[in-house]
1. Computed over the Cα atoms of the range 62-157, what is the convex hull's projected area averaged over all directions, in nm²?
2. Along the range 137-145, what does the Karplus equation 6.51 cos²θ - 1.76 cosθ + 1.60 (θ = phi - 60°) give for ³J(HN,Hα), rounded to whole Hz, x for Gly and Pro?
3. Under 5 Å between amide hydrogens, which residues at least 5 positions from Phe125 or on another chain qualify, with H placed 1.01 Å from N in the peptide plane?
4. Given the pairs Lys62/Lys84; Lys19/Lys112; Lys27/Lys62; Lys27/Lys112; Lys49/Lys84; Lys46/Lys118, which span a C-alpha to C-alpha distance of over 27 angstrom in this model?
5. In the range 97-200, which GluC sites (Glu not before Pro) fall in coil by DSSP and have 14 or fewer other Cβ atoms within 10 Å?
6. Per residue, how big is the convex hull of the chain when only Cα atoms are used? Give it in Å³.
7. What would the Debye formula give as log10 I(q)/I(0) at q = 0.19, 0.21, 0.24 Å⁻¹ for the alpha-carbon point model of the range 1-89, no solvent?
8. Name the GluC sites (Glu not before Pro) in the range 1-99 that are in a loop by DSSP and that have at most 13 other C-beta atoms within 10 Å, would you?
Amino acid sequence: MNVPAHIAIIMDGNGRWAKEKGMVRLKGHQAGMESLREIVRACSDKGVKVLTVYAFSTENWKRPIEEVSGIFSLLVRYVAKELKELNANNVQIRMLGDIDPLPADAKKAAQKAVDSTKDNTGLIFCIAINYGGRAEIVRAARLLAKQAAEGQLDPASIDEAMFASQLYTADLPDPDLIIRTGGEMRLSNFLTWQSAYSELYVTDTYWPDFTPDKLQEAIDVFNGRDRRYGGIKA
Ligand code: FPP
């Protein structure tokens, strides 16, 4: 059985999980952090090369301030609690997105996680935070336009590979499998460029209930898919 090289996850359903239990939404995100810990471990054990999770989108700023700051506090807590084990497991952490506008403690934690794991050679664990697929594409266009305006780049030489090299995921393979928990059938501005040929797997399971066994179910379904990339069956 193949293990997808790059698995990306939209960790949805935390709020509904909490509501159904009569708890505040933040309790759902807290429980979601526990799921995340298990899934990172499972991906590491299975030999997945890259795991990307959608922790906070450029649109999530619209949520109530308590929830927004609660999610950033969870990032601080996650790094404080998990960094040692992540390092012991040779996990390299990366942030996809613009971490500049994050609260100071969250930005510091994000930077610490990236810096202290940068030489690790195991699972590459990308946390998409203040990330939006369209914002990422606009940023890449701007970077190329700047080089062109400065006379360092001939616009005619821009191709897909060059464009991809300006994305946060520059040196990473595109996601083979995108999992969305919580049942919604959409990508919500996640990995807009990179998802062109990703296999999609949506489960009704809320993220806090998503276990390593459920991850294996998703991988099994992925292994039954016929990936043609626009071609025809051999
Ligand atoms: C979407 O569920 C989830 C989020 C916007 C936050 C995800 C964050 C975590 C799982 C924990 C934080 C971990 C780190 C490393 C920061 P939702 O709130 O939209 O759920 P709903 O659709 O049921 O309302």
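1. Values: hull surface 33.2 nm².
Averaged projected area of the range 62-157's Cα convex hull equals 8.3 nm².
2. Here the 3J(HN,Hα) series is 5, 4, 4, 4, 4, 5, 4, 5, 4 Hz.
3. Leu51, Gln92, Ile93, Arg94
4. Working: Lys62/Lys84 33 Å; Lys19/Lys112 33 Å; Lys27/Lys62 19 Å; Lys27/Lys112 25 Å; Lys49/Lys84 20 Å; Lys46/Lys118 21 Å.
Over 27 Å Cα-Cα: Lys62/Lys84; Lys19/Lys112.
5. Details: sites: Glu136, Glu150, Glu160, Glu184, Glu199; in loops: Glu150, Glu184.
Loop-located and lightly packed - Glu150, Glu184.
6. Working: hull volume 33.1 nm³, N = 234.
Residue-normalised Cα hull volume stands at 141 Å³.
7. Results for the range 1-89 at q = 0.19, 0.21, 0.24 Å⁻¹ read -0.96, -1.11, -1.28.
8. On the way: sites: Glu20, Glu34, Glu38, Glu59, Glu66, Glu67, Glu82, Glu85; in loops: Glu59.
Here the sparse-neighbourhood loop sites are Glu59.
None of the figures in this text is laboratory data; all of them are computed from the coordinates on show. Treat the numbers as computed from the prediction; the structure is a model and nothing was measured. A quick note on method: Cβ atoms are made from the backbone with ideal geometry, for glycine too, and the neighbour counts reach across all protein chains shown.
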